[in-house]
Amino acid sequence: MTLCILAFYLFTAVPEHIYILYTNDIEGALLPSTAWWINPYFPPPIGNAAGAATFIKEKRKEADSLGYGFLLIDTGDMFIGSPIGEFSKGKAVVDYFNHCGYDLISPGNHDFDMGVDVFRDIVKNVKAQVICSNIVYEDTKENVEYLKPYTIIQFGDLKIGVFGLITEYMKGMTTPERFKNHAVLTEIETARRFVDTLKTKGVDLIFAMTGIGLRHDRRLAENVPGIDVIFGSHSATALEEPYEDSINHTIICQNYSHLTSIGFLDLKIDKKTKKIIGYRGELIDLLSDEIELDTVLLNKLKKWEKDTQKGFDEVLGYAKKELTRAGFEESPMGNLITDAMREYFNADIAIHNSGGIRSNFKKGEITYRDCYYVDALSNTAVLMKVSGEQVKKILEVGVNGRHAIFQVSGIKFKYDSRRPINERVIEIRMTDGTLINPDKEYLLVTNSFLAAGSGDYAVFKEGKEVQETYTYLRNIIADYVRKYSPIDKDIEGRIIDVAHK
């Protein structure tokens, strides 16, 4: 138990207010950055972790001076998504959490991207309590022992019960190896169970820390009475002001990703009923011009940067023009990635999800850092044998409109978005112009996320002779840049929606 949690018991009565600061979807983005979304031409500097540390310290001091309760939480997807997070195996983010005195943390799906053992190590070293109610062992269905299914925080006579949820679609968001012997219970049923459990413990308020996305948070609020506040993550859907469910009046909060801001919620408490009688909330941009950086933390992070990013700024090649990504159409970046994958393994076909392309290549120098950020989710390449008929089934999933389209290499296809789902793909040709043979077997290379077969992507599980290569896509992209610099990719008519012609 941290010093901050111990301090809760110093209250002798119910505080009139509770200050709660919250972060989510940090994805290892600890180092100072720029607010390109505010001004793309002259972006103001953002302090990220060093700015957050100062703001947290000031807000904690303010709460103490007013006799208010104070709580600092993070709701997951903590470290995967940046070099300093990934290559320190989350230790740099643990340093940030411990330096700032986080009280409660709950995991997101990406926190298991380097396997259960790496996340266990994070839990072991972080001083905060780590909460999740629906991660269980696959064989026994018992809660894993290294996570607390719930906790009770006490501010004098006020008792707050807290439980946590990770997405019930976790199985398809990671590989069996990374989530070995683990399973996830359904969100709604688990929430009902732990709301009832916490009520039997005599709590006055109930908070949920979730990594299920805003849409599912709203579903949770509508279907599970008794939750006072939900602090969410996963979709990184920033709520500039808290959302209040109209059915059960649950307050929902979620921050931006990448620690460019921090969420603040002020709950007003009735001292007699111990219930929430008012609230205000906002997201505070961590602008360096307005918030002084914590130099002690910044120096720690610079050391982590030096230790984890050797060679990241080596120039691998050049781009003749900016290579951009797109969600629902063919993109130059998609063509580059799939061409690189197909050539690296001498495969017939390459397929990559547009949502997995996390950055563009700017015109000019391309460094390994640029390649890393294109595939910041640390995908690896997976090989499998598929028939031409299975290729059609895969492409049908890519154009069903439920998610971003697939980028392809080795084939060109036409589809009609006006037609019924699973009947939209009308023509598939190999790059030599011949029609794909439904009965012929082809060597397909895809990424580890798609190969895991979540939801609609279960079609990838139909492949035969599946081989996890453990080769990172960012390294495949880097090799391609070295070989073919200067890079110049265009739209080639690989994906055509005839409805828009």
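The values are calculated or read from the model by the stated rules, or taken from the named source; none is laboratory data. Just so it is clear, the structure is predicted and the values come from calculations on it, not from any experiment. With ideal geometry, Cβ positions are generated from the backbone for all residues, glycine too; neighbour counts draw on all protein chains shown.
Output the number of residues of segment 294-319 satisfying the condition of being part of a loop (DSSP other than H, G, I, E, B), loosely packed, with under 13 Cβ neighbours inside 10 Å and in contact (Cβ under 8 Å) with a residue 60 or more places away in the chain.
In the first step, residues of segment 294-319 are kept if they are part of a loop (DSSP other than H, G, I, E, B); the result is 294, 309-314.
Remaining after also requiring loosely packed, with under 13 Cβ neighbours inside 10 Å: 310-311, 313-314.
Applying the additional criterion that residues be in contact (Cβ under 8 Å) with a residue 60 or more places away in the chain yields none.
So the answer is 0.
Considering only residues that are in contact (Cβ under 8 Å) with a residue 24 or more places away in the chain and surrounded by fewer than 18 Cβ atoms within 10 Å (Cβ to Cβ), look in segment 145-158 and name the one that is nearest to THR446 (Cα to Cα).
Step one: of segment 145-158, the residues in contact (Cβ under 8 Å) with a residue 24 or more places away in the chain are 146-147, 149-158.
Subsequent filtering for residues that are surrounded by fewer than 18 Cβ atoms within 10 Å (Cβ to Cβ) retains 146, 152, 154, 156-157.
Values: TYR146: 34, ILE152: 44, GLN154: 49, GLY156: 55, ASP157: 55 Å.
Result: TYR146.
When segment 437-473 is examined, which residues are found to be more than 17 Å from ASP339 (Cα to Cα) and in contact with an Asp or Glu (Cβ under 6 Å, 6 or more places away or on another chain)?
Listed by number, the list holds a single entry, PRO438.
Which of (1) closer than 26 Å to PHE87 by Cβ; (2) part of a loop (DSSP other than H, G, I, E, B) does MET333 not meet, given it meets every other one?
Exception for MET333: condition (2).
Among the residues of segment 438-445, are any β-branched (Val, Ile, Thr) and surrounded by fewer than 18 Cβ atoms within 10 Å (Cβ to Cβ)? Outline the logic, then answer.
Applying the first criterion (β-branched (Val, Ile, Thr)) to segment 438-445 yields 445.
Right, trim to surrounded by fewer than 18 Cβ atoms within 10 Å (Cβ to Cβ) and you get none.
There is no residue in segment 438-445 that is β-branched (Val, Ile, Thr) and surrounded by fewer than 18 Cβ atoms within 10 Å (Cβ to Cβ).
When both residues are 6+ apart or on different chains and their Cβ atoms are under 8 Å apart, which pairs have a first residue that lies in segment 131-142 and is in the same structural domain as ALA208 (by TED's automatic domain parsing), and a second that is surrounded by fewer than 13 Cβ atoms within 10 Å (Cβ to Cβ) and part of a loop (DSSP other than H, G, I, E, B)?
What qualifies is ASN134/THR186; VAL136/GLU142; TYR137/ASN181; GLU138/ASN181; ASP139/ASN181.
Working carefully through the options GLY278, GLY263, find the one that is more than 24 Å from the chain's Cα centre (by Cα), in the same structural domain as PRO225 (by TED's automatic domain parsing) and modelled with pLDDT of 95 or more.
Values: GLY263 fails: more than 24 Å from the chain's Cα centre (by Cα).
GLY278 is the lone residue from the list that is more than 24 Å from the chain's Cα centre (by Cα), in the same structural domain as PRO225 (by TED's automatic domain parsing) and modelled with pLDDT of 95 or more.
Sort out for me the helices (runs of 4 or more DSSP H) sitting completely within segment 38-154 that have 3 or more residues that are among the aliphatic types (A, V, I, L, M).
Numbers: elements: 48-66, 83-86, 91-100, 116-125.
In segment 38-154, the matching helices (runs of 4 or more DSSP H) lie at 48-66, 91-100, 116-125.
Say we look at segment 350-403 and pick out the residues that are polar (S, T, N, Q) and surrounded by 20 or more Cβ atoms within 10 Å (Cβ to Cβ); which of these is modelled with the lowest pLDDT?
Applying the filter and picking the extreme gives ASN379.
Taking into account only those residues within segment 232-281 that are under 27 Å from PRO45 (Cβ atoms) and hydrophobic (A, V, I, L, M, F, W, C), which is surrounded by the most Cβ atoms within 10 Å (Cβ to Cβ)?
Quick first cut of segment 232-281, residues under 27 Å from PRO45 (Cβ atoms) only: 233, 235-241, 253-265, 281.
Applying the additional criterion that residues be hydrophobic (A, V, I, L, M, F, W, C) yields 236, 238-239, 253, 259, 262, 264-265.
Values: ALA236: 18, ALA238: 17, LEU239: 19, CYS253: 26, LEU259: 29, ILE262: 22, PHE264: 18, LEU265: 19.
By that ranking, first place goes to LEU259.
Given the conditions (1) of a type in the set (Val, Ile, Thr); (2) in contact (Cβ under 8 Å) with a residue 40 or more places away in the chain; (3) more than 17 Å from THR446 (Cβ to Cβ), which single one is not true for THR324?
For THR324, the failing item is (2).
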